[in-house]
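Notes to accompany the following structure.
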Amino acid sequence: MTDRSLSLPIESGGRIIAHLQDCFPEEGCGLIVGRETGDGWLVTRIVPSPNMAEARDRTFEIDPGLRLRTQRGARERGEMVLGHFHSHPFGDPVPSETDTRRAADEPELIWVVVGMRWGGTQGLAAWRMDAGSGTMKRVTLDVVEGAGQS
Ligand SMILES: [Zn+2]
């Protein structure tokens, strides 16, 4: 099996960061929409979500209604919800133990994690559950020009 990479348009990455900085010092989150390509996935749209969790200082919960609507809209355009993003406001762009446990429930999803320090971004990385080992494996991120949000 070859490694698949996630193509992230610069604008889409910028939208992720802008939303997470708005949420700081709480965790922020949102959905990543796109489509499969020959060698991975292409992000076409970023959908910021309110964080529905009670303990927003240490966890996140994407709005389930927003997720349903986003899934439906994506399907109509021949796209899909590829995964989601969230921030670690005082941590690294690495899935926590809780993240890894939750990822096991939906192993097809891509997890983009953004690490922050003092309100600034200090790293953005994509991860996906590896069913064999039960651990999160890093997905190669290709930052690409253009397209993104329509
Ligand atoms: Zn996390």
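The values are calculated or read from the model by the stated rules, or taken from the named source; none is laboratory data. All of these numbers come straight from a predicted model, not from anything done at the bench. Note that we place each Cβ from the backbone using ideal geometry, even for glycine, and neighbour counts take in every protein chain shown.
Number of residues in the stretch 121-131 that are surrounded by fewer than 16 Cβ atoms within 10 Å (Cβ to Cβ) and within 14 Å of the ligand (Cβ to nearest atom) equals 1. Restricting attention to the stretch 110-135, the residues being touching a helix residue (DSSP H, G or I) at 6+ places or on another chain (Cβ under 6 Å), modelled with pLDDT of 90 or more and farther than 10 Å from Pro95 by Cβ number 1. Residue-level check: of (1) under 22 Å from His88 (Cβ atoms); (2) touching a Leu at 6+ places or on another chain (Cβ under 8 Å); (3) in a helix (DSSP H, G or I), Leu20 misses just (2).
Are any of the residues in the stretch 42-52 among the basic types (Lys, Arg) and over 24 Å from Trp118 (Cβ atoms)? Within the stretch 42-52 (the criterion being among the basic types (Lys, Arg) and over 24 Å from Trp118 (Cβ atoms)), the answer is yes, since at least one residue qualifies. For the stretch 48-63, filtered to residues that are within 14 Å of the ligand (Cβ to nearest atom) and hydrophobic (A, V, I, L, M, F, W, C), the residue that is surrounded by the most Cβ atoms within 10 Å (Cβ to Cβ) is Phe60.
Within the stretch 52-82, being farther than 27 Å from Pro25 by Cβ, part of a loop (DSSP other than H, G, I, E, B) and of a type outside the set (Asp, Glu) holds for Arg77, Gly78.
Within the stretch 64-120, the set of residues being more than 15 Å from the ligand (Cβ to nearest atom) and aliphatic (A, V, I, L, M) comprises Leu66, Leu68, Ala74, Met80, Val81, Leu82. When the stretch 27-51 is filtered for residues that are assigned to a strand (DSSP E or B) and either touching a residue at least 60 places away in the same chain (Cβ under 8 Å) or over 13 Å from His84 (Cβ atoms) (or both), the ones remaining, listed by number, are Ile32, Arg35, Glu36, Thr37, Gly40, Trp41, Leu42, Val43, Thr44, Arg45, Ile46. Residue pairs whose Cβ atoms lie under 8 Å apart, separated by 6 or more positions or on different chains, with the first residue in the stretch 12-26 and within 13 Å of Thr59 (Cα to Cα) and the second outside any helix (DSSP H, G or I) and among the acidic types (Asp, Glu), are Pro25/Asp57; Glu26/Asp57.
Pairing residues of the stretch 76-94 that are aromatic (Phe, Trp, Tyr) with residues that are near the ligand (Cβ under 10 Å from one of its atoms), at Cβ distances under 7 Å and at least 6 apart in sequence or on separate chains, gives Phe85/Cys29; Phe85/Val114.
Checking the stretch 141-149 against the condition returns no match, with no residue being more than 24 Å from Pro9 (Cβ to Cβ), modelled with pLDDT under 95 and in a strand (DSSP E or B). Sub-9 Å Cβ pairs linking a first residue in the stretch 52-64 that is farther than 14 Å from Asp99 by Cβ to a second residue that is β-branched (Val, Ile, Thr), at least 6 apart or interchain, are Met52/Ile62, ordered by first then second residue.
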